[in-house]
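Below is one structure, written out as structure tokens; comments come after it.
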């Protein structure tokens with residue numbers, strides 16, 4: 001899926017995003033898998049994109065990232081994706097209400113597994129509705145698919161491995177959580193605060209008021225403002 005098909009040629013990697021109109025043009029394509037990763041109650045209240053299958057992947061998570069546990073988790077997630085029709089030969093589009101962190105998690109997982117044709121619906125289901133496109137209340141039965149993954153281990157780092165590299169020149173740790181978590185006003189882990197040396201830029205700042213990604217110039221300015229440039233290794237969390 002190239003930039004011209006998605007409508008996001010303004011971005012260097014614009015093919016990773018897809019507009020509602022470009023997705024609508026591919027509905028009914030047997031080689032397309034649309035993943036609705038919202039919580040179940042959101043689907044019940046608002047419907048979904050025709051042909052989408054549901055996967056609330058936040059129901060499966062880890063609190064530790066030791067190599068053994070991470071491999072087991074990836075194996076479980078691979079099975080869940082396969083049951084929903086994901087295969088290496090199929091285009092996958094993930095969406096939630098906006099361009100949020102659930103769709104980002106699905107995207108990253110599939111990229112880690114070696115899938116080369118995975119995308120995020122820019123603006124999510126909210127953008128789909130604003131475009132006046134069809135909404136369904138009949139869920140499509142998923143068609144399981146063989147999904148033999150090829151893990152890209154270079155794009156993952158465990159907590160223990162990262163701890164050994166703290167302070168390494170040329171690496172930036174990016175804390176994408178909200179302000180309350182960063183400043184330990186909302187403690188969801190064993191301890192509050194952040195990883196030593198991390199910079200903070202909450203993920204909501206990446207989006208405009210409609211929940212779509214901001215223009216590349218604005219995003220570049222945001223990231224450069226906290227020291228994130230193309231010549232550095234970035235570890236977001």
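The values are calculated or read from the model by the stated rules, or taken from the named source; none is laboratory data. The structure displayed is predicted, hence computed values, not measured ones. Don't worry about glycine lacking a Cβ; one is built from the backbone with ideal geometry, like all the others, and counts go over all protein chains shown.
When the stretch 31-50 is filtered for residues that are under 17 Å from residue 118 (Cβ atoms) and over 20 Å from the mean Cα position of the chain (by Cα), only 31 remains. Selection within the stretch 168-207: residues that are over 21 Å from the mean Cα position of the chain (by Cα) and not in a loop (DSSP other than H, G, I, E, B). The member of this set that is surrounded by the fewest Cβ atoms within 10 Å (Cβ to Cβ) is 180.
For residue 217, indicate whether it is over 27 Å from residue 124 (Cβ atoms), free of Cβ contacts under 8 Å to residues at least 12 places away in the same chain and outside the structural domain of residue 88 (by TED's automatic domain parsing). When the stated conditions are applied, residue 217 does not pass them.
Regarding residue 23, is this residue at pLDDT 95 or above and either part of a loop (DSSP other than H, G, I, E, B) or over 23 Å from residue 153 (Cβ atoms) (or both)? Reasoning before the result, please.
On the way: at pLDDT 95 or above: yes; either part of a loop (DSSP other than H, G, I, E, B) or over 23 Å from residue 153 (Cβ atoms) (or both): yes.
For residue 23, the condition - at pLDDT 95 or above and either part of a loop (DSSP other than H, G, I, E, B) or over 23 Å from residue 153 (Cβ atoms) (or both) - is met.
Only a single item in (1) in contact (Cβ under 8 Å) with a residue 12 or more places away in the chain; (2) out of contact with any helix residue (DSSP H, G or I) (no Cβ under 9 Å at 6 or more places or on another chain); (3) assigned by TED's automatic domain parsing to the domain that holds residue 215 is not met by residue 164, and it is number (1).
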